[in-house]
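Engineer: To start, I am sharing the structure in question, which I have written as structure tokens.
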Amino acid sequence: PATHRAKKKLVAFLAGRYKDIQKFNSAWKMQFPDFTAVLKSTDTPAVINPRIAADARDWTKLIAEEYFRITTAAIRKYDPNHLILGCRFAGRAPAGLWRIAGKYCDLVSVNCYRTVDLFSRQIADGFDQEIAGWYTQAQKPFIITEWSFPAYDSGLPCIHGAGQRVETQTDRAQAFTIFQKNLFSTPYIVGSFFFMWVDEPALGIAASFP
């Protein structure tokens, strides 16, 4: 809604970037008479073109800068002697956010459900090269805060949630070993958390996560 502070900030961000409503309309393929109308609107573009995507990336970076700046300052004020571990990114971070997270955090945390090749005993989806790029941007150590390889022979449904599925517990142990050895051999990865120590019950852990 137009009264929401984030909406007001977003429209101010767009108005500051485009200056003229016609330039905004041209870029976003919309037909607003002025930026007040943008504030009141809840319509979204039918097609996300490169210019809209660039605006979204820069807006997301602005949000991230505010988020990490404010939360880090609050934690440091009341608890100056502990590490700030980040926000646990879900799989990846939007463009530019690794740098921002690294600017404020002592460590950067991310959940990564990736793929291994049981025959070659290697990472199969380029994770090792990808996280090297993340580290280049963040310049802070990483913790992999969630990862796993569920197996179909556990006696449980094993159909919901993330993670490469394998056939047996033997395969699961091998997949675990491949991935964990990769993490242990990467000098800027300082910890990992396997999800989870015990398998979830057949009925699930919540109505929203069966």
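Bear in mind that the values in this text are calculations on the coordinates, not laboratory data. Computed from a predicted structure; not experimentally measured. For neighbour counting, all protein chains shown are included, and Cβ atoms are generated from backbone atoms with ideal geometry for every residue, glycine included.
Engineer: Leaving out same-chain residues fewer than 8 places away, which lysines sit with a Cα under 18 Å from that of Lys9?
Structural biologist: Once the sequence-local lysines are set aside, what remains near Lys9 is Lys19, Lys40, Lys61.
Engineer: Taking the Cα atoms only, what angle lies between the long axis of helix 50-78 and the longest principal axis of the chain, rounded to 10 degrees?
Structural biologist: Computed tilt is about 70 degrees.
Engineer: So how far, in whole Å, is the C-alpha centre of the stretch 68-103 from the one of the stretch 167-188?
Structural biologist: The distance from the Cα centre of the stretch 68-103 to that of the stretch 167-188 comes to 27 Å.
Engineer: What distance in nm separates the simple spin-label points at Ala37 and Trp59, each placed 7 Å from Cα in the Cβ direction?
Structural biologist: About 1.8 nm separates the two model spin labels.
Engineer: Give me the net charge of Ala90's neighbourhood, meaning all other residues with Cβ under 14 Å from the Cβ of Ala90; Lys, Arg count +1, Asp, Glu -1.
Structural biologist: Counting the neighbours of Ala90, the net charge comes to +2.
Engineer: Between Ala206 and Ser185, take the C-beta separation as r, use R0 = 25 Å, and let me know the FRET efficiency to the nearest 0.05.
Structural biologist: Step by step, r from the Cβ atoms, then E = 0.10.
Engineer: At 0.36 nm per residue, minus the direct Cα-Cα distance, what do Ile52 and Ala132 gain on full extension? Give it in nm, one decimal, please.
Structural biologist: The span from Ile52 to Ala132 would gain 25.9 nm if fully extended.
Engineer: Viscosity 0.692 mPa s, temperature 37 °C: Stokes-Einstein D of the stretch 59-101 from its Kirkwood Cα radius, in µm² per second?
Structural biologist: 293
Engineer: Between Arg165 and His82, what length in nm is gained on full extension when 0.36 nm per residue of separation is reduced by their alpha carbon distance?
Structural biologist: In short, 26.2 nm is gained.
Engineer: What ratio of Cα Rg to 2.2 N^0.38 Å holds for the chain?
Structural biologist: The value comes to 1.30.
Engineer: Loop by DSSP (not H, G, I, E, B), at most 15 other beta-carbon atoms within 10 Å: where is the longest site-free stretch of the chain for trypsin sites (Lys or Arg not before Pro)?
Structural biologist: 30-87
Engineer: At 0.36 nm per residue, and after removing the present C-alpha to C-alpha distance, how many nm does the segment from Asp117 to Ala2 gain when stretched out fully?
Structural biologist: Roughly 36.4 nm would be gained on extension.
Engineer: How far apart, in nm, are two points set 7 Å out from the Cα along the Cα-to-Cβ line at Glu66 and at Asp106?
Structural biologist: Computed distance between label sites Glu66 and Asp106 equals 2.8 nm.
Engineer: Semi-axes, largest first, in whole Å: what does sqrt of 5 times each Cα gyration tensor eigenvalue give for the stretch 75-119?
Structural biologist: After scaling each eigenvalue by five and taking roots: 27, 13, 7 Å.
Engineer: List, largest first, the extents of the alpha carbons of the stretch 1-113 along their principal axes, each in whole Å.
Structural biologist: Extents along the principal axes: 52, 32, 21 Å.
Engineer: Calculate the FRET efficiency for Arg92 and Asp20 from the Cβ-Cβ distance with a Förster distance of 35 Å, rounded to the nearest 0.05.
Structural biologist: 0.50
Engineer: Ignoring chymotrypsin sites (Phe, Trp or Tyr not before Pro) that are buried or in helix or strand per DSSP, and keeping those with at most 10 other beta carbon atoms within 10 Å, what is the longest stretch of the chain between them?
Structural biologist: 1-118
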